[in-house]
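In what follows, a single structure is set out as structure tokens and then discussed.
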Amino acid sequence: MSGERRKLFNDFINFSTKRGETLLESYKNSTEEQDKKVLSLLGAQQISEELQNALENPKTHEFAVSRPGQSKKVMAGFVRSENSLDVTMVSTATFQAALLITELQNKASLLDRLAKSAMSKREAYRLGHPAVVKTCLRLLEEGALKDPEQEAKADAAAFAAAVGEAETAVVEMLRFALASGNEATRQFFLQEKGLGVLLRYIFRKGKKEPKGHQAMDSEIDGQEPGTGPDQRARGVLNALIKVEAEHFPAVMAEFLQKGGILDFQEGLDLLQCSGFADFISKLLWIAWDIQVQQVFFAEAHRLEALGLLSKLFVCPSKGARVCAGLLLANALCHAQLGDREREAQAAQGLRQLTEEMACCGESQEPEDQEVRTFVAGLGQSAERFTRILTCAQAPWQQHHGQLPDEEHPLWAGATFSLWCLLRMRPDPARLADLRPALPAVAQGGPPRARWLAGELLLQLQLQVSAQLPSPNSEAIVEMNIQERGALEFALQEMFEHTRSGLHSQLSESSQVIETQQRLIEERQQPLPIASNGSTSDGWHQPLEATLAKLKTSRQELSGALADAERQRKSAETAVREVLEMDNSDLSQAEDQAMDQQLQSMRQTEAEYLARCHEQEQQSSALRSQEEEVATANAAMENAEKVLQEMRSRIASYEADISTQQRDVQNKRTMASSDMQAARNHLSMELEGIKQKQTKLRERALQLQAEMQGDGSSDASKEMDRLKVEAGRLKGRAAELTQELQAASIDPQQLEQQASAAESAVQHLAEQRDQLRGELQGLEEEHSQARSEWQQAVSSLQHARQEKEVADLQSSSLRRQLEGQWASWHPLWSKRLQAWRLRSQALAKAARGAELLAKAAQRAWDQLRREAELRHQTLADVEALQHQLAALAHDLSSIEDSILH
């Protein structure tokens with residue numbers, strides 16, 4: 001059976017239609033277990049390879065077209081099957097074939113099932129298969145899911161819904177494949193130009209369906225639902241950005257190098273939609289490192305790249321324009337624009353953008369709040385925040401620490417970056433590298449850079465604690481003195497300049513509104529002929545319609561004038577508040593007191609820092625002394641150890657000498673004595689011991705017999721005593737045997753042994769005397785080491801005393817400085833709050849002036865609209881007059897004389 005099914009399957013692969021039908025019937029009649037058996041016998045890997053090869057055969061398309069009914073039925077079996085192995089095949093090698101020859105409804109059903117399988121995690125890992133990823137990307141290309149015949153037969157709405165359902169499933173499958181797949185899946189996605197496919201899909205869908213789906217939190221999201229690109233497609237990009245992390249700029253650079261700028265070009269028409277503008281600008285900003293900039297501004301497509309940035313600069317989204325400003329500022333910083341003329345144009349555009357955005361300030365308008373939120377998101381990661389800092393520091397860092405002239409292009413990017421940093425409100429620690437240069441910028445940079453640096457210093461100073469920060473090695477008071485001078489200089493200049501400008505602007509706007517009021521009053525006069533509201537057709541209908549529009553336009557003029565008048569009153573109030581604002585927030589006495597306290601703190605801080613420096617030196621000296629004491633102590637202990645070892649060796653030598661001297665004396669005594677009598681005595685004593693041992697053995701045998709008979713305890717005790725006595729006799733016998741052997745040695749041999757032992761004693765005595773000489777040197781070294789250790793300990797005590805004195809003086813000066821700071825800070829905080837209020841008042845007045853200018857512009861637009869309608873009315877009247885004249889001429893040309 002398996003062989004037959006194998007043949008049928010091969011025939012199906014070879015597009016034999018007759019046997020394909022047989023396969024279909026056998027497959028339909030089989031049970032699930034049989035299906036599993038068949039697939040197991042055929043071998044899933046071999047099936048996948050054969051189907052993959054078949055897909056490359058052009059006959060696949062011929063088969064799908066020539067036998068649509070049969071091919072659809074065959075693959076429908078896979079699509080509708082509940083067998084997990086069938087789904088496995090469909091989701092890997094047969095996936096492309098299934099989608100190729102099934103109807104759109106079945107495609108949507110299959111794609112939806114596979115997309116949902118990602119939720120169960122059961123078959124989800126198969127979605128990362130190259131065949132699935134490749135086919136998904138093909139399905140997202142334009143027209144891939146369209147079938148003219150099906151589209152002609154089906155309802156348009158139903159067909160569009162099916163296409164949308166299929167595309168949604170495809171996008172979800174790609175998102176899961178990138179988020180959960182391995183590195184090979186992502187590399188295959190990039191090799192197949194998946195980033196370009198997604199962008200083209202997003203732009204194509206945006207042109208057809210401007211309303212997107214629900215928004216979701218992500219790297220490149222941020223707009224409200226229904227105002228930007230398809231959110232599911234953005235989800236795929238977000239998954240790619242997340243998994244690539246710091247490697248995403250390299251991915252973007254490779255994409256741009258292979259023509260990705262042309263894919264961005266397809267979305268140029270969509271940049272008038274805020275959502276798309278935000279999407280493109282933020283996608284570029286996420287990857288905007290030096291490598292991406294070099295590829296983006298490559299000579300081959302530099303004009304297209306500049307055109308894209310230009311479109312972003314004039315789009316309606318303030319957030320996208322801010323992002324475009326940062327993109328251009330980075331390009332200026334790294335000299336990527338190619339020539340001086342382009343740099344000058346870019347710098348001019350950045351200056352205008354900075355002036356426009358500077359009006360946002362602390363405004364609570366929803367649009368301005370959205371801009372601040374958007375800007376804060378641009379610097380969340382350390383890498384992107386560093387890009388902004390690099391632009392802000394570029395003017396002096398690229399000129400060896402010197403500030404260039406005010407017209408230098410780098411100032412435009414730096415000024416805009418300072419505005420971004422001001423709106424981000426970063427933690428002061430993140431501005432540690434920029435902060436030391438801010439006073440110089442606030443006093444020596446271009447006007448707007450000076451003012452923004454002053455505002456940034458104000459923001460930083462407002463975050464300084466009321467308690468004295470730990471100065472470490474930094475002169476906190478000196479830094480505050482420098483920042484205070486620069487801050488007040490820059491803010492005072494900004495205040496005076498802005499106040500003067502607002503006054504002039506308000507005067508000009510008031511004159512404009514008065515002029516507009518006269519013009520509008522003149523246009524409010526009733527027309528000799530007014531529209532009667534009739535909608536019936538007639539000879540006067542064109543004039544009737546134009547008069548109705550003119551009437552409506554003149555009514556709108558009244559509303560525009562009222563709005564402009566309302567904005568003027570609001571602006572006048574805000575500007576008057578600024579004009580009447582007192583610059584002296586402190587009395588002269590308080591100001592002098594604060595200056596005196598600052599100078600006193602500066603002196604105290606200088607003394608304190610000097611003591612801190614001395615304290616560090618004393619600490620270093622103390623550590624050095626402690627190391628010297630430890631070294632000296634180790635040397636002394638080592639010398640003492642060597643000395644003790646030498647003394648032990650000498651004592652050992654002396655003991656050996658004494659032992660050997662006694663041995664020499666004994667040998668010579670024995671050599672000079674008559675040993676015969678001693679030998680006889682020892683032999684007799686040894687013989688007596690042997691006799692006693694014989695008697696003890698006999699008695700032991702008797703006692704052993706008694707113990708076996710009645711087990712008497714007395715016999716046991718006597719037996720123990722006999723054992724002890726036998727042991728004593730045995731030991732004495734060994735001693736006598738040894739003495740007898742010694743007494744039996746030849747006297748001449750004893751004399752030779754004594755002479756040799758005497759020579760050894762003399763040699764040991766020489767070695768001992770040599771060691772005693774070395775001992776004297778070691779004793780001197782030990783005495784020297786002890787002396788050095790005692791000296792080091794004395795120096796350590798002195799260093800500790802000096803350290804304690806320095807600590808005491810430093811603590812005293814620290815408390816004194818804290819007291820002076822606590823007394824000075826409230827006055828300084830009061831002044832900072834006054835500057836903050838002035839800044840807010842200026843921002844409010846500037847916002848009011850901006851709204852007034854917009855209201856005046858709207859009134860001019862209404863007046864121009866009224867003028868156009870009036871000219872159109874005149875044209876209609878003239879045309880009507882010609883018609884009436886022609887009518888009068890026709891009527892008067894009739895001859896009536898005959899009637900009279």
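The values are calculated or read from the model by the stated rules, or taken from the named source; none is laboratory data. If you're wondering where the values come from, they're calculated on a predicted model, not measured in any experiment. Using ideal geometry, Cβ is built from the backbone for each residue, glycine included, and neighbour counts are taken over all protein chains shown. Only protein heavy atoms, including side chains, enter the accessible area calculation; ligands, DNA and RNA are left aside. Shrake-Rupley method; radii C 1.70, N 1.55, O 1.52, S 1.80 Å.
Filter region 425-452 down to residues that are small (Gly, Ala, Ser) and in contact with a Lys or Arg (Cβ under 9 Å, 6 or more places away or on another chain) and give me whichever is nearest to Gln369 (Cα to Cα).
Filtering region 425-452 for residues that are small (Gly, Ala, Ser) and in contact with a Lys or Arg (Cβ under 9 Å, 6 or more places away or on another chain), the one nearest to Gln369 (Cα to Cα) comes out as Ala442.
Pick out, from region 258-369, the helices (runs of 4 or more DSSP H) lying fully within it that include 1 or more residues that are within 24 Å of Leu421 (Cα to Cα).
On the way: elements: 261-265, 274-286, 290-296, 302-313, 318-333, 340-357.
In region 258-369, 274-286, 290-296, 302-313, 318-333, 340-357 are the helices (runs of 4 or more DSSP H) which contain 1 or more residues that are within 24 Å of Leu421 (Cα to Cα).
When you go through (1) within 30 Å of Gln752 (Cβ to Cβ); (2) at pLDDT below 80 one by one for Ser652, which number turns out not to apply?
The number of the failed condition is (2).
Restrict the check to region 419-441 and report whether at least one residue is touching a helix residue (DSSP H, G or I) at 6+ places or on another chain (Cβ under 9 Å), surrounded by 16 or more Cβ atoms within 10 Å (Cβ to Cβ) and closer than 17 Å to Arg831 by Cβ.
yes
What is the one condition in (1) assigned to a helix (DSSP H, G or I); (2) aliphatic (A, V, I, L, M); (3) under 21 Å from Leu434 (Cα atoms) that Leu403 does not satisfy?
Among (1) assigned to a helix (DSSP H, G or I); (2) aliphatic (A, V, I, L, M); (3) under 21 Å from Leu434 (Cα atoms), the lone unmet condition for Leu403 is (1).
Name the residues in region 607-627 that are of a type in the set (D, E, K, R), open to solvent by less than 90 Å² (accessible area, probe 1.4 Å) and under 26 Å from Arg786 (Cβ atoms), would you?
Glu626 - this is the single residue of region 607-627 that is of a type in the set (D, E, K, R), open to solvent by less than 90 Å² (accessible area, probe 1.4 Å) and under 26 Å from Arg786 (Cβ atoms).
Among the residues in region 472-479, are any at pLDDT 85 or above, open to solvent by 20 Å² or more (accessible area, probe 1.4 Å), over 30 Å from Gln857 (Cα atoms) and not in a helix (DSSP H, G or I)?
Taking every residue of region 472-479 in turn, none turns out to be at pLDDT 85 or above, open to solvent by 20 Å² or more (accessible area, probe 1.4 Å), over 30 Å from Gln857 (Cα atoms) and not in a helix (DSSP H, G or I).
In this structure, does Val724 turn out to be aliphatic (A, V, I, L, M) and either surrounded by 14 or more Cβ atoms within 10 Å (Cβ to Cβ) or not in a helix (DSSP H, G or I) (or both)?
No.
Restricting attention to region 637-654, which residues are crowded, with 16+ Cβ neighbours inside 10 Å and over 13 Å from Glu779 (Cβ atoms)?
Tyr653, the sole residue that qualifies.
Residue under question is Arg351, and the condition is that it be of a type in the set (Lys, Arg), at pLDDT below 90, open to solvent by 10 Å² or more (accessible area, probe 1.4 Å) and farther than 25 Å from Leu270 by Cα; does it hold?
When the stated conditions are applied, Arg351 does not pass them.
Identify, by number, the condition in (1) part of a helix (DSSP H, G or I); (2) modelled with pLDDT under 85 that Ile745 doesn't meet.
Result: Ile745 fails condition (1) only.
Check Ser811 against each of (1) in contact (Cβ under 8 Å) with a residue 12 or more places away in the chain; (2) under 56 Å from the mean Cα position of the chain (by Cα) and name the one condition it does not meet.
(1)
Can you spot a residue in region 157-172 that is among the polar types (S, T, N, Q) and either at pLDDT below 75 or under 15 Å from Val236 (Cβ atoms) (or both)? Break it down stepwise before answering.
Residues of region 157-172 among the polar types (S, T, N, Q): 168.
Going one step further and asking which of them are either at pLDDT below 75 or under 15 Å from Val236 (Cβ atoms) (or both), we end up with 168.
Within region 157-172, one or more residues are among the polar types (S, T, N, Q) and either at pLDDT below 75 or under 15 Å from Val236 (Cβ atoms) (or both).
Can Gln597 be described as out of contact with any Lys or Arg (no Cβ under 7 Å at 6 or more places or on another chain) and modelled with pLDDT under 70? I'd like the intermediate steps shown before the answer.
On the way: out of contact with any Lys or Arg (no Cβ under 7 Å at 6 or more places or on another chain): yes; modelled with pLDDT under 70: no.
No, not satisfied.
Can you pull out every residue in region 306-339 that is without any contact (Cβ under 8 Å) to a residue 24 or more places away in the chain and on the phi < 0 side of the Ramachandran plot?
Leu309, Ser310, Val314, Asp339
Among what's in region 866-878 and is of a type in the set (A, V, I, L, M) and at pLDDT below 75, pick the residue that is surrounded by the most Cβ atoms within 10 Å (Cβ to Cβ).
Of everything passing the filter in region 866-878, Leu869 is surrounded by the most Cβ atoms within 10 Å (Cβ to Cβ).
Considering only residues of region 193-233 that are of a type in the set (Asp, Glu) and open to solvent by less than 30 Å² (accessible area, probe 1.4 Å), which is modelled with the highest pLDDT?
Of everything passing the filter in region 193-233, Asp230 is modelled with the highest pLDDT.
Among the residues of region 776-800, which ones are surrounded by 16 or more Cβ atoms within 10 Å (Cβ to Cβ) and among the aliphatic types (A, V, I, L, M)?
If the condition is that a residue be surrounded by 16 or more Cβ atoms within 10 Å (Cβ to Cβ) and among the aliphatic types (A, V, I, L, M), then Leu778, Ala785, Ala792, Leu796, Ala799 are the ones that fit.
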